[in-house]
1. So the label point goes 7 Å from the Cα of Tyr74 along Cα→C-beta, right? Which residues of the range 162-204 then have their backbone N under 18 Å from it?
2. Quote the FRET efficiency, to the nearest 0.05, computed for Asp188 versus Ala58 with a Förster distance R0 of 45 Å and r equal to the Cβ-Cβ distance.
3. Name the aspartates and glutamates eligible as straight-distance cross-link partners of Lys84: C-alpha to C-alpha under 19 Å, and not fewer than 8 places from it in the same chain.
4. Given a cut-off of 31 Å, name the pairs among Lys62/Lys190; Lys63/Lys181; Lys55/Lys142; Lys55/Lys190; Lys55/Lys149; Lys104/Lys149 whose C-alpha atoms lie farther apart than that in the structure shown.
5. Using the C-alpha gyration tensor of the range 135-180, what are the square roots of 5 times its eigenvalues, in whole angstrom, with the largest one first?
Amino acid sequence: MVTAVQHATAFSGRQPPARLAFVPRMLWGMLLCLSLVLADGAGLGPEVMAWVEHKYGASARKKVSDWQALIARYQGRDERQMLKLVNDFFNEVPYYSDERLWNKEDYWATPVEMLSIDGADCEDYSIAKYFTLREMGVPEDKLRITYVKSLELNQAHMVLAYYPSPGAEPLVLDNLTDRIKAASQRRDLKPVYSFNGDGLWLAKSRGRGERVGTPERISLWRELRHKMAKEGKQ
């Protein structure tokens, strides 16, 4: 497995290696597709909920319904409160590897898939938290899905970073702990790169990093777009 440190070294030359390039491309597909599913704060319609129950069962529908209720109830509230609620909600989902869940080395599940199968890996937690907080009204520029190296686990990991204001130290939402801590308190994590719906950044220490990409450079997102669009049209 290519480590997060190797990713960072290769990416610093502006031309990402194949695997690093593939990850943001997948993410952009999800960004564009979820805009169809969660457009205008409308949430998931009854047809989608019926599809979830038909495909995954009644317990899956209950989990997805609870997620939608969380968004509706706390949308637009105090951001720190929303961070805590969303972090706790998704951290209750059990952790499993992609190989066990999907029989694939790397698979990024949609929030609906994650909740329906009641299982996730670190990417799924971070992505679900990101999209949920966006739907609840947290601005794009305050959120970054962040690839890090977990120094304790000695492996690549993903978290969600929340920036209270421009230039502020981010808070870290992590599936490994329910405690939301400032980045300076997470010395066990080494940032590598981060991204959101507006761009891609190479990490610089614990700051906001150097912007190295825009949506225009991302193109291979069709598979996830198709998957999310299909979910939204069931």
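Computed from the coordinates by the stated procedures, all read-outs in this text should not be read as laboratory data. These numbers were taken from a predicted model, which means no experiment stands behind them. All Cβ positions, glycine included, derive from the backbone under ideal geometry; neighbour counts span all protein chains shown.
1. 162-164, 171-182
2. Efficiency at R0 = 45 Å is approximately 0.70.
3. Straight-line reach from Lys84, under 19 Å: Asp66, Glu92, Glu123, Asp124, Glu135, Glu140, Asp141, Glu169, Asp174, Asp178.
4. Details: Lys62/Lys190 37 Å; Lys63/Lys181 27 Å; Lys55/Lys142 35 Å; Lys55/Lys190 39 Å; Lys55/Lys149 36 Å; Lys104/Lys149 21 Å.
Going by Cα-Cα distance, Lys62/Lys190; Lys55/Lys142; Lys55/Lys190; Lys55/Lys149 fall outside the 31 Å limit.
5. Values for the range 135-180, descending: 22, 11, 10 Å.
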